[in-house]
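The values are calculated or read from the model by the stated rules, or taken from the named source; none is laboratory data. The shown structure was predicted, so the numbers you read here are calculated from the model rather than taken from an experiment. Note that we place each Cβ from the backbone using ideal geometry, even for glycine, and neighbour counts take in every protein chain shown. Protein only, heavy atoms only, side chains kept; ligands, DNA and RNA dropped before computing areas. Shrake-Rupley method; radii C 1.70, N 1.55, O 1.52, S 1.80 Å.
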Amino acid sequence: MNPRCKDITRFGHNKCFILRLPIELQTQIFIECASYPYGQLMIEHEVPQVLLLVCKYWRDLAYATSRLWSSFEIHFGTWEQNFKGTEGDARILSRVRLWLRRSGNHPLHVKLFYKPLASREGTLSRFPSEMLVLLMQHCSRWQDIELSMPSSCFAPLSSAAPALDLSSLSSLVLNSIPSIHSEFLDVRNLASNCGKLTRLHINYESGRVLTLDDCGVIFAQHPNLSSCKLYAQCLFDGSSEHSGHAADKYILPALSELHLSVYSRSSHGLDNSSSPQTALTMFLNRLELYVLTSLRIEWFVDNDRSLWTSCHPSFVTFLEAVEPTLETLSLGYLPLSEEQLIDCLRATPYVTSAELLFSLGEEIEGPAITDKLLRALTFIRRSGSTSTSEPLLCMLQSLTLQCHGKGCSEQELVRFLNSRSDRQPHTLQTLKLQTQSPILSGRSRWIESGINVIEDCV
């Protein structure tokens, strides 16, 4: 037993100060003692399990405090709990039944993780699916649910989704791990069952994947979303059975984080009006966003700059609309030219953290990250004056660049770093470079001046 627990047991009930407090305050103290936002099922020396070891009164109070047992995370098939294999998984399942019983009718906050070993991908444990079935029996109490496991393990959720009562669910995270056997899951209809979603993160690549039209339906049904990450096929015609009108805006007054990963099964043979580029920009300009602070767009479509050119002004218009509040911008693999990338950064002057990701291979149509971009980001002192001209992203504190590296010279990169050092309160703090061709010959001088320069050559 923990030495502190032994000391407490020496006191009689008339001497233990916590027992002089109202029962409500005692309960709150127990809740505040939880060292993790999610309880650790199999760790006996953490709250709430450790409270059971002190004395009978504490044990009874802990059992009676349902909130202590309503939040937990589960890890299947790992070494983390000092056991392995099906025996350990069965112990976890048994422990979850116990916690669910003790949690009474309190809202549930659960994380379920299962990543099978690479050597056993063909033989998946049955326990994660059994666990999901067990949790679904309490679906009316779901408030914060995160499921990260092979797509085939979602089978119980897929078959029962239409009948689930998810009226209390406010946060849903589905992260499917690629597996040999995929499972159909209608994510759009699942989300439509949720009563008051404020956080929705979907990375589900199997079965009926989302389209941008589906995303629009979800936005129309859940206007109170504050954080949304979606993986969707780049198809959008602007109409849906929910809205009925092609001109309807998706008004999201609370959305502060939007992460959109889009792909297309094929972009060949499509005219410009039905291209993925047009679909994406049409969809983005249908969004009415008032407090967006973080935007991430990942483009997993063929990089055809000729099709993007006609849609680029519309994309810049969207960026200008969210410019007043936008602080974090991540653009991944968009088919942007050098000038178009500069246009995007010019449209978002208040960004403090930027991530610009392009192919590590040589781009046929020329690189987007070049010396010209670095010069546009550099403070330049005016001749005969102590003042400097304002560059793009003058408030930048963190910058990540991924590219081949051929278009950038060490001279321009050094000039950029020198101009950004010791410029309070917006000094550049971190520069991450991931290139195929090295650019910097040394980085210690900027680390000494407070800029953490990380260069990774692959």
- request: Return the total of residues in segment 124-142 being over 11 Å from Leu112 (Cβ atoms) and small (Gly, Ala, Ser).
  value: 2
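Quick check on segment 84-105. Is at least one of its residues at pLDDT 80 or above and under 23 Å from the mean Cα position of the chain (by Cα)?
Residues of segment 84-105 that are at pLDDT 80 or above, as a first pass: 90-105.
After this cut, where a residue has to be under 23 Å from the mean Cα position of the chain (by Cα) as well, the list is none.
Checked segment 84-105: no residue is at pLDDT 80 or above and under 23 Å from the mean Cα position of the chain (by Cα).
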message: Within segment 182-205, does at least one residue satisfy the condition of being modelled with pLDDT under 95, out of contact with any strand residue (DSSP E or B) (no Cβ under 9 Å at 6 or more places or on another chain), open to solvent by 10 Å² or more (accessible area, probe 1.4 Å) and hydroxyl-bearing (Ser, Thr, Tyr)?
response: yes
- request: Please find, within segment 393-428, the residue that is farthest from Leu357 (Cα to Cα) out of those that are over 23 Å from the mean Cα position of the chain (by Cα), open to solvent by 40 Å² or more (accessible area, probe 1.4 Å) and of a type in the set (S, T, N, Q).
  value: Gln424
- line: With criteria (1) of a type outside the set (D, E, K, R); (2) closer than 25 Å to Pro324 by Cα; (3) out of contact with any strand residue (DSSP E or B) (no Cβ under 9 Å at 6 or more places or on another chain); (4) assigned to a loop (DSSP other than H, G, I, E, B), Gln340 comes up short on (4)
task: Return the pairs, sorted by first residue and then second, in which the second residue is part of a loop (DSSP other than H, G, I, E, B) and not hydrophobic (A, V, I, L, M, F, W, C), the first residue lies in segment 122-147 and is more than 13 Å from Ser71 (Cα to Cα), the beta carbons are less than 6 Å apart, and the residues are 6+ apart or on different chains.
output: Leu124/Pro116; Ser125/Gly77; Cys139/Asp165; Ser140/Asp165
field: Candidates Leu255, Leu260, Leu230, filtered to the one that is modelled with pLDDT of 90 or more, crowded, with 19+ Cβ neighbours inside 10 Å and part of a loop (DSSP other than H, G, I, E, B)
entry: Leu255
message: Being open to solvent by less than 40 Å² (accessible area, probe 1.4 Å), in a loop (DSSP other than H, G, I, E, B) and over 25 Å from Glu455 (Cα atoms) narrows it down to one residue among Leu326, Leu307; which is it?
response: Leu326
